[in-house]
1. Please list A:42-52, B:82-92 highest first by mean number of surrounding beta-carbon atoms within 10 Å per residue.
2. State the three equivalent ellipsoid semi-axes of the protein assembly as shown, derived from the C-alpha gyration tensor as the square roots of 5 times its eigenvalues, in descending order and whole Å.
3. With springs only between Cα atoms under 10 Å, which of A:205, A:119, A:249 fluctuates most in a Gaussian network model of chain A?
4. Angle check, please: helix A:171-180 long axis (alpha carbons) against the longest principal axis of chain A (alpha carbons), in degrees 0 to 90, nearest 10.
5. Hey, got the average number of other protein chain Cβ atoms within 10 angstrom for residues in B:31-41?
6. Would you tell me the mean number of C-beta atoms belonging to other protein chains that fall within 10 Å of each C-beta in A:111-122, as a whole number?
7. Nearest 5 percent is fine: what portion of the DSSP beta bridges confined to the protein assembly as shown is antiparallel?
8. Which residue, A:274, A:178, A:55, has the most motion in a Gaussian network model of chain A that connects Cα atoms within less than 10 Å?
C-alpha cells in the first residue's frame, strides 16, 4: 500500500513549525529531501536559533552546504560562528556503543550547550539515513521517535524534523514513524492539500487548505472551489489557517466564489491572508465573514 | 544605513536574549526563474528579505508583491525572467526583468478593479502593499521587455 502522510492528524508546511514541534517528513526524490531540510535550516539561521544538521552520512559536507544555499543566503558565516553545526549521529554515543539512551543524552547535551551559549532555541534536522549507516535497530529507533523523546520538547526550546527516504524504509515503518510524531510535514514548497474539515457542524460544508495557493497549485485550488460550489449545505467554511501562501489570483477567486454563491461563507485564516482579503474588498460582501487573527 | 542587526528578523519586535545574528550588509540575491521555480524562489526570497531587515507584515508584503511580479513575467512575458533582491538605503527592493512585450505604468488601475475583472489586480495590489512601484523598459534587443521594481521600507 502506498504511504500517505497526508492522513496524519496534523500536517503543516515546514515554515509553520513552532518551537517544541517534533515532525515527521518523508521524501521520494532529492528535491523533496533538500527542500525540507534547506528551508528548515535557513529559517532557523534567520531566527537566530542554533541549527543542528544530521545529514545523510553518505553525502559530503560540501554538497550538504550547497543544498542549503539553494534555499537561502550563503551558510559559510553561520557555520563559522557555530550557529549551524553539521553533525553525524554516531557522535552522540561515541566512543561507547550505540544505544537509544546515549543518543538521547547526546542530543540533550547539544540542546543544553546551545542554550548555555545564549541561543534562545535549538532546531535539528535529522536525515534518517543514519539508521542504516550506523546499523541502528529500527524498532529501537521507532520507540525513540514515538515515546522515548518527548521530554526534549516539553519546554519549547527544541524543534526537530526527522526525514525518511521512502525508498529505503518499508511502508509499515513509514506509517508507524509518521503516527509516532505529533506533526507531519508537506513534501515541499509548491504543495497544496485539500482536506475535508472533520466536524464541520450541521448544515455546513467545510474544506481545509494546507500548503501554498499560487500559480503552481492552481489545479487543486480551483478544484476545491468547484467542490464548494457543488455542495448543497446552507453554510460554507473555508479553513486557510495552515495555508502558508495565498497569491492575489487565489484570494480574488475565493472572494468571487463568496460573492456569487449567495450562501453564508466563513473564511478562517491568519492575519496575513485576512489583510489580503480586506484589501481586495471582503467587506463589500455581506454574506462573508473573515475570521483572522 | 546597513541592514539592521537589532530586533527580531523574523518574529515580533522583542527578540529573546541570545547571540546576535550578524547580518551581512551585502546579502543580495540575483536569480533566473521560470514557473517551475516559483515556490522555491519564495523560500529563498523570504530568507533573504528577513536578513535584509524585513520582518512580520512588511516581509509578507514583499513576498506577496515579488510573487505577483514573477507570476506576471511567467504568464505574460515569456515564461520567466530575472529577479534581484537588494537593500537600497532604508528600502528592500525587488526588481524583476523580463523579455516580454513590455508595458507602461498607466495600465495599473488607480482604483480597485471589479471582482469580476480578470486583469489589473496583481499590480494594483503590489502598489497598495509596497512603498514604491516603478515600471521601466528593459535594455535587451526587441522586444525590450519590462523592468518592474517594488520596494518595502525597513521599519
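1. A:42-52, B:82-92
2. 38, 28, 19
3. A:249
4. Approximately 80 degrees, to the nearest 10.
5. Shielding by partners across B:31-41 averages 4.
6. 2
7. Close to 40 percent.
8. Among A:274, A:178, A:55, the largest mean-square fluctuation in the Gaussian network model of chain A belongs to A:274.
None of the figures in this text is laboratory data; all of them are computed from the coordinates on show. All of these numbers come straight from a predicted model, not from anything done at the bench. All Cβ positions, glycine included, derive from the backbone under ideal geometry; neighbour counts span all protein chains shown.
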